[in-house]
Structure formats: structure tokens, C-alpha cells
Amino acid sequence: MHTVWKGAISFGLVHVPVKMFSATEDKDISMRYIHTECGSPLSYIRKCPSCEVEVKWEEITKGYEYEKGKFVLFEKDELDQLSEQANKNISILDFVNLTDIDPIYFQKTYYLSPDQSGGNAYQLLMTAMRETGKIGIAKISIRSKSSLAAIRVLEDCLAIETIFYPDEIRPVSQVPNLPENIAVNDKELTMAKLLIDQLSTPFDPEKYTDDYRERLLELINHKVAGEEYKIAPAKPEANVVDLMAALQASIEATQQQPPIVTDPGPAKPAKKRTTRKKAASAEDNNRDEPVVKPKTTKRKTAKKKETGA
């Protein structure tokens, strides 16, 4: 793994030297813009609209637009000095319960490993947090971006998750068209709870896959091989107006699934009888003389005579 940050965790007067590694990776399939006339990939040019010339990286600085068309400029050293001290330290401010943090706050996860001779302090912090069931709330600055962070134990490793500041979370009151004072039908609520109960299961991340990425990779492979590949049109979704009927149909669908998967039914006895018949036919074919049929005929004839008498 590539080290993305080096510093130390501090809580009280304890310092834990650590290295940071990205815990996740982006598996989106990147594509480039291509000129349809010649098939060449397009490049992006940094061009000044006033001078009408291409601008080199060394001629670029950062600026903040405080009014329309007016900027204050910053040298790289000025910005580096602002974040230099923050980049060196992860200061744990409080210890809280993980359940106290709403998932809306979480941004990105990183792994932390001990650096230099910090193994003992690292193990101490991890063991103490695991046994108390607490996570640490800290401040960290990564690539000039200051964030809050949650430090927690993940298996046998410390993980840090950057989280938004409260003023970065938009209030729910800004969401348009939220329902207000709408009464919920008791029967529909009961059926909705039943449906949720039937669909409830322990979280298993391995069962979920990126279907779009898989279909896109399949399409790419066919195109690379020069094969024609037609994508089946999506089935139109049913516009169910009756909510009760939709709930009932959903519950019935979940109830039908277990017997199909787990119950073998009477298939095994039927399979055995079929096997015996096949075996008997094979034995009859291998015999030189038909033995069974004459016996069966005699018994039938005897029964007929008895009936006639």
C-alpha cells in the first residue's frame, strides 16, 4: 500500500507515531473523450482566456474570488505554512460511542499502522479502545483539507474515518416536497413491517456486487474482441397504484422463495423409482431369453380361468 500521510496520534500526553493508508479504492471504469473523426483522445489545455496562450504549471497560483472577477492571490508557501503543523498530528479530542454518529457524517476510511518505534503505544491505544468500546474523535488535515475524524478499532488495526463538520451537513429542512401530516393506514403499516421482517437478514457485504460495472466490462470485452453485442432493453416497471396490493404481492413473493430453494419435495423417491426401472430394463435387455413376460402372462391367464369358473 502507498503511504498517504505520516504523523502521530496524540491523546493526553501520549504520542503514537503512525502511517496512513487508503482503506478503499475506486473501481469505477474510467473513459476518455475521443474525437469521432479520427479516433484520437482529447487533451485538456490550460489556456488563459485573456492572453490566449497555453499556461505552464509553474505559472499558475491559487486565488480566492471575493467579488465577481476580483481575486486575492496566494503563494504555495503561504498555504503550506497554514497547514504545516496540522499535517503532523491527529489530536484526539473526545472518546464517544460509534452509535452516536449518524452515517451522513462519514467521508473516507483509512488504515493506520505504527511508525518507527510506536508499536507499544499503538497496541496500548487499540486494546484500550477495544475493551472500552469507545472511538476517538480527532482533528486531521490531509492535503490541505481539515476534517474531523473518527478513530476506531477494525479487526487488529486502527482505522480513521474522516467526517464532515456540522456546518458542512445541509439541514433536512432544505429538502423540498417532504410529506407533512399524512396519516398512515394501520393495515398497510402492519404489512410493511411484515415485509421488512421477512426481508431482514444479517449484513453480508459479499452478496452485493456492482452490476453496472460487470455489464460494462462485459461490453468492453466484446468490443475489444470485435464481436457484436446487443444489450437487452430494460423491462418497463409496473406502475402499481394500489399500495396494499403491492405490499401483499411483495409478501407473497418472499414467502414463495424458501420452498423453491430449500425444500426438495418428493423428487428423491421419484428419482429412485426411475432408476430401478432403468436398471430392470437394462437387465432384461442383457438376458438371452425373456423370463418375466411369460410368467406375467401365465398369472393373468390363471386369474381369468378362476374368474370364469
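Residue ranking by accessible heavy-atom surface, 1.4 Å probe, largest first, among C48, C38 comes out as C38, C48.
When only the Cβ of Lys, Arg, Asp and Glu is charged (+1, +1, -1, -1), the dipole of the stretch 1-97 relative to its Cα centre reaches about 220 debye.
Working note: Karplus 6.51/-1.76/1.60 with θ = phi - 60° gives the stretch 172-177 the couplings 4, 4, 7, 6, x, 6 Hz, where Gly and Pro are set to x. Near L158, the amide H atoms lying under 5 Å from its own belong to L112; only residues 5 or more places off or on other chains count, and H is placed 1.01 Å from N. Using a/c under 1.5 as the rounded threshold, could you call the stretch 26-70 rounded, prolate or oblate? The axes a ≥ b ≥ c are square roots of the C-alpha gyration tensor eigenvalues, and prolate needs a/b larger than b/c, oblate otherwise. Since a/c reaches 1.5 and a/b is larger than b/c, the shape of the stretch 26-70 is classed as prolate. Electrostatic tally near E25: other residues with Cβ closer than 15 Å to its Cβ, Lys and Arg +1, Asp and Glu -1, net 0. Using θ = phi - 60° in the Karplus curve 6.51 cos²θ - 1.76 cosθ + 1.60, the 3J(HN,Hα) couplings for the stretch 48-54 round to 7, x, 7, 7, 6, 9, 6 Hz; x is entered for Gly and Pro.
Taking the stretch 173-252, which GluC sites (Glu not before Pro) meet the DSSP loop condition and have no more than 16 other C-beta atoms within 10 Å?
Details: sites: E180, E188, E206, E214, E218, E227, E228, E237, E252; in loops: E180, E227, E228, E237.
Here the GluC sites (Glu not before Pro) that fit, given the DSSP loop and packing criteria, are E180, E227, E228, E237.
Find, among the chymotrypsin sites (Phe, Trp or Tyr not before Pro) in the stretch 150-239, those assigned to loop by DSSP (not H, G, I, E, B) with at most 11 other beta-carbon atoms within 10 angstrom.
Working: sites: F164, F203, Y208, Y212, Y229; in loops: F164, F203, Y208, Y229.
Loop-located and lightly packed - F203, Y208, Y229.
Using θ = phi - 60° in the Karplus curve 6.51 cos²θ - 1.76 cosθ + 1.60, the 3J(HN,Hα) couplings for the stretch 29-45 round to 8, 7, 10, 10, 7, 10, 6, 5, 5, 10, x, 8, x, 7, 10, 9, 10 Hz; x is entered for Gly and Pro. Heavy-atom accessible surface of E168, to the nearest 10 Å², is about 80 Å², with a 1.4 Å probe and all protein chains retained. Of the GluC sites (Glu not before Pro) in the stretch 56-130, the ones in a loop by DSSP (not H, G, I, E or B) with at most 12 other beta carbons within 10 Å are E75. Site pair Y105 and K187 shows an inter-label distance of 4.4 nm when each label is modelled 7 Å from Cα along Cα→Cβ.
Relative to the present Cα-Cα distance, how much length would full extension add between I34 and I169 at 0.36 nm per residue of separation? Write out the running numbers ahead of the final one.
Numbers: separation 135, 0.36 × 135 = 48.60 nm, distance 3.76 nm.
Difference between extended and current length: 44.8 nm.
Database remark: amide H of W5 closer than 5 angstrom to the amide H of M20 (H placed geometrically; neighbours at sequence offset of 5 or more, or on other chains; Pro and chain starts carry no H).
The values are calculated or read from the model by the stated rules, or taken from the named source; none is laboratory data. Quick caveat, the model's predicted, so the values are computed rather than measured. Positions of Cβ are backbone-derived with ideal geometry, glycine not excepted, and every protein chain shown enters the neighbour counts. Quick note on the areas: whole protein, heavy atoms, side chains included, nothing else; ligands and nucleic acids left out. Shrake-Rupley method; radii C 1.70, N 1.55, O 1.52, S 1.80 Å.
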